[in-house]
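Colleague: Got a structure for you, questions after.
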Amino acid sequence: MPIAKAENERCYSNWAGSMALGLILTFPAAGACAGEIGDPENGAKVFRKCSACHQIGDGAVNRVGPHLNGVFGRLAGSVEGFRYSESMDRAGSDGVVWTRETLDAFLENPKSLVSRSRMNFRGLPAAEDRDDLLAYLRIFSDDPANIPEAEPTAQATDHGLDPEILALQGDPEYGEYLSTECTTCHQIDGSNDGIPAITQWPQEDFVIAMHAYKRKLRPHPVMQMMAGRLSDDEIAALAEYFSELK
Amino acid sequence: MKLDRRTFLGTATAATAALSAPMAFAAGHGKPNVVVVGGGAGGATAARYIAKDSAGEINVTLIEPSRAYYTCFFSNLYIGGFRNIDDIGHTYGTLASTGVNVLHDWAVGVDRDAKTVSLAGGGSVPYDKLILSPGIDFVDGAVEGWDMSAQNAMPHAYKAGSQTELLKSQIMAMPAGGTFAMVAPPNPYRCPPGPYERVSMVAHLLKAHNPTAKIIVADPKEKFSKMALFQEGWADHYGGMIDWIGSGFGGGEVSVDPSAMTLTIDGEVTKVDVCNVIPAMKAGQIAHSAGVTDGNWAPVNAADMSSKADADIYVLGDSSQQGDMPKSGFSANSQAKVCANAVRGALTGSKVFPAKFSNTCWSLIDTDNGVKVGATYEATEAKIAKVDGFISQTGESAEVRKATYEESEGWYAGITADMFG
Ligand SMILES: Cc1cc2nc3c(=O)[nH]c(=O)nc-3n(C[C@H](O)[C@H](O)[C@H](O)COP(=O)(O)OP(=O)(O)OC[C@H]3O[C@@H](n4cnc5c(N)ncnc54)[C@H](O)[C@@H]3O)c2cc1C
């Protein structure tokens, strides 16, 4: 094992180095990294599915989901400053640690491992995709020195939203009233049975997402319609209310 | 229906409240009283929101005869085999334990001068504001040969529960190659795509159990909700099984004979094995008794759902005549929240925000093949007026249709949590 590990590190630090220099990514052939989980290059592509909510890499911060630096070996629900679902908190207090096995199970079907997780993701059914993704995530976990000195890969795009709109302070009482339109579909306790949870999102992400629907940049017809008639202040009010919901 | 400890305790509380009814009436102590008649999509939502948001400042009494509410929404999925009957049953225990006084009784009359509602079980309940959300009843004589006494021979299954179970068992008992007939209702009626989703679900069931069976639909209309989507789906999935006869071909000239099990369309008599008669509809009887109807429905003001006939009575959901919104559970739930905000404001001076309404109706055509239609609405002087809308497209990919179905499952969980807590 130690040998495989050393080889792994070499592969990854190679890759990290090329990231740091901003070079076109070149990955060693799979054979050169015996013992690695999967193909991190493909994993980086798979990660695009995650990047709407999770950041990883240098400067990564918590957004809709917690940042994923150092996720391997971490206790579930333990990133400082991130408010987890009760289920994820419980997983942490039950001692669930993110290892290759637990992450693999979680990624295959998040709800199977943490039944009321707020993570709005149906899972990756293909084992190969999970392996590749885990190989990619591991790069940011081995030890802090392995985190590439590059921009976080997962900066949520703000679609060029006017900073004044982002800075608007919402009225939570109005937000509570407006939220009743959302709760016909989105469950207030953050459960997700086919429609994503929207409670406890960081306000900025909420505002960006709603404006993206309003401007029809995000594709969902119901959400385009609902957001379409909300004013900037109303979106801010909703963001304020949902972010504070317990 | 899931009976966990919490709902069980709540139901017990509700039952006790019903037995000791006079206690409930004396509970005034100067606090305003809101009485809600009907614990469905409109009524349960209104009661829950007023109780929750007024945090004890308002006494909320919900009058509902059934101890378990079976949602009409997803009842077609039960027929198709995608849900169990228990999955669509909900009790009032959580509502009771969050401060709603649940009375399992029928409201039989409204005295608008004394401001009381009388109950079938005796006694009456006083109100400051009365919210009626009794759903629908059927128009007498709408389908020649059918009345309520024929509902066992020819079920409507348009109020969910035992009627839905009866219809499904009749379909399962059809002889090989037998005929299922539906008499579809004229506009306006509850759930515009409902009869056609039902046809799809019956076809799905028959395709598996009785593939040579036939479906006939006699329809008094020329067009119906999501027509292109349903017809595309029927052709693709149930080719040749479904014969839809619109008004142009005599679909509106219908009579039935429940004892002979015949359906006559435009003079032509057909022997059928199952006949699902969905007659023309009107506001629930109590709205008529209260004198707030004009013709079949109860006209309301769009801004707060108050009756045009009485400022202290509000009418929600299917019974109301409000303008452009379809009669759906989603609409009733949406109207209930606008109404709850207005009623609370009127009684406690809390802030009243402008009305916003919306609706989306999902329908299932076949396994993982969902479609949807929706719109947003605003209150104008004259009515609830449509602002913007969308509809699924014909020819969508299987992936999109599957995602739409999964979304409908999410909506079901969402709206039932929003109604019952
Ligand atoms: C087959 C079918 C499928 C449907 N699918 C959908 C769908 O997918 N999406 C959707 O949004 N809608 C759907 N609907 C429509 C939806 O069910 C109704 O529009 C909705 O239930 C209307 O709400 P309501 O509050 O007006 O009436 P209801 O929900 O019917 O509630 C009325 C309640 O009042 C009670 N009541 C009546 N009279 C009295 C009285 N005198 N005293 C005390 N209580 C009384 C009844 O027991 C009942 O519980 C469907 C309907 C059908 C039939």
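Colleague: Just checking, how many residues over segment A:205-245 are assigned to a loop (DSSP other than H, G, I, E, B) and either buried (at least 18 other Cβ atoms within 10 Å of the Cβ) or without any contact (Cβ under 8 Å) to a residue 40 or more places away in the chain (or both)?
Modeller: The qualifying residues number 7.
Colleague: Further question: Hey, does segment B:340-360 have a residue that's buried (at least 21 other Cβ atoms within 10 Å of the Cβ) and in contact with a Leu (Cβ under 7 Å, 6 or more places away or on another chain)?
Modeller: No, segment B:340-360 contains no residue that is buried (at least 21 other Cβ atoms within 10 Å of the Cβ) and in contact with a Leu (Cβ under 7 Å, 6 or more places away or on another chain).
Colleague: So how many residues does segment A:97-129 have that are of a type in the set (A, V, I, L, M), surrounded by fewer than 18 Cβ atoms within 10 Å (Cβ to Cβ) and part of a loop (DSSP other than H, G, I, E, B)?
Modeller: Summing the residues that are of a type in the set (A, V, I, L, M), surrounded by fewer than 18 Cβ atoms within 10 Å (Cβ to Cβ) and part of a loop (DSSP other than H, G, I, E, B) in segment A:97-129 gives 1.
Colleague: Right, next: Mind counting the residues in segment B:139-155 that are within 16 Å of the ligand (Cβ to nearest atom), under 12 Å from residue B:183 (Cα atoms) and surrounded by fewer than 22 Cβ atoms within 10 Å (Cβ to Cβ)?
Modeller: Of the residues in segment B:139-155, 1 are within 16 Å of the ligand (Cβ to nearest atom), under 12 Å from residue B:183 (Cα atoms) and surrounded by fewer than 22 Cβ atoms within 10 Å (Cβ to Cβ).
Colleague: Failed condition for residue A:200, given (1) closer than 22 Å to residue A:87 by Cα; (2) within 12 Å of chain B (Cβ to nearest Cβ), with all others met?
Modeller: Against the list (1) closer than 22 Å to residue A:87 by Cα; (2) within 12 Å of chain B (Cβ to nearest Cβ), residue A:200 comes up short only on (2).
Colleague: Any idea which of (1) within 11 Å of the ligand (Cβ to nearest atom); (2) touching a Ser or Thr at 6+ places or on another chain (Cβ under 7 Å) is the one residue B:176 doesn't satisfy?
Modeller: (1)
Colleague: Go over the candidates B:171, B:136 one by one and state the one that is of a type outside the set (Gly, Ala, Ser), surrounded by 18 or more Cβ atoms within 10 Å (Cβ to Cβ) and in contact with a Lys or Arg (Cβ under 6 Å, 6 or more places away or on another chain).
Modeller: B:136
Colleague: Looking at residue B:369 and the list (1) over 25 Å from residue B:230 (Cα atoms); (2) surrounded by 19 or more Cβ atoms within 10 Å (Cβ to Cβ); (3) out of contact with any Phe, Trp or Tyr (no Cβ under 6 Å at 6 or more places or on another chain), which single condition is not satisfied?
Modeller: Checking residue B:369 against (1) over 25 Å from residue B:230 (Cα atoms); (2) surrounded by 19 or more Cβ atoms within 10 Å (Cβ to Cβ); (3) out of contact with any Phe, Trp or Tyr (no Cβ under 6 Å at 6 or more places or on another chain), the one that fails is (1).
Colleague: If you don't mind, there's one more thing I want to ask. Since residue B:325 meets every condition but one in (1) away from the ligand (no atom under 11 Å from the Cβ); (2) part of a loop (DSSP other than H, G, I, E, B), which condition does it not meet?
Modeller: It fails just one condition, (1).
Colleague: Pick from segment B:79-106 the residues that are within 14 Å of residue B:160 (Cα to Cα) and out of contact with any Phe, Trp or Tyr (no Cβ under 9 Å at 6 or more places or on another chain): which of them is surrounded by the fewest Cβ atoms within 10 Å (Cβ to Cβ)?
Modeller: Once the filter is applied, the top-ranked residue is B:86.
Colleague: Being among the small types (Gly, Ala, Ser) and in contact with a strand residue (DSSP E or B) (Cβ under 9 Å, 6 or more places away or on another chain) is the filter here, so list the residues in segment B:330-370 that pass it.
Modeller: Result: B:331, B:332, B:334, B:336, B:340, B:342, B:346, B:355, B:358, B:363, B:370.
Colleague: If you go through segment B:181-198 one residue at a time, how many are away from the ligand (no atom under 11 Å from the Cβ) and either of a type in the set (D, E, K, R) or surrounded by 22 or more Cβ atoms within 10 Å (Cβ to Cβ) (or both)?
Modeller: 4
Colleague: Counting only residues that are farther than 22 Å from residue B:320 by Cβ and surrounded by fewer than 21 Cβ atoms within 10 Å (Cβ to Cβ), how many does segment B:372-391 have?
Modeller: Result for segment B:372-391: 2.
Colleague: List the pairs whose first member sits in segment B:37-61 and is outside the structural domain of residue B:306 (by TED's automatic domain parsing) and in a helix (DSSP H, G or I), whose second member is among the aromatic types (Phe, Trp, Tyr) and more than 13 Å from the ligand (Cβ to nearest atom), and whose Cβ atoms are under 9 Å apart, counting only residues at least 6 apart or on separate chains?
Modeller: No pair meets every condition.
Colleague: Looking at B:404, B:394, B:416, can you tell me which residue is in contact with a His (Cβ under 9 Å, 6 or more places away or on another chain) and either not small (Gly, Ala, Ser) or not in a helix (DSSP H, G or I) (or both)?
Modeller: After ruling out the rest, the residue left standing is B:416.
Colleague: Kindly check whether there is at least one residue in segment A:162-178 that is modelled with pLDDT under 85 and either assigned to a loop (DSSP other than H, G, I, E, B) or away from chain B (no Cβ under 14 Å) (or both).
Modeller: no
Colleague: Ok, one more. Give segment B:155-191 a look and list any residue that's assigned to a helix (DSSP H, G or I), over 19 Å from the mean Cα position of the chain (by Cα) and among the β-branched types (Val, Ile, Thr), or say none.
Modeller: Correct list: B:171 only.
The values are calculated or read from the model by the stated rules, or taken from the named source; none is laboratory data. Quick caveat: nothing in here was measured; it's all calculated off a predicted structure. Using ideal geometry, Cβ is built from the backbone for each residue, glycine included, and neighbour counts are taken over all protein chains shown.
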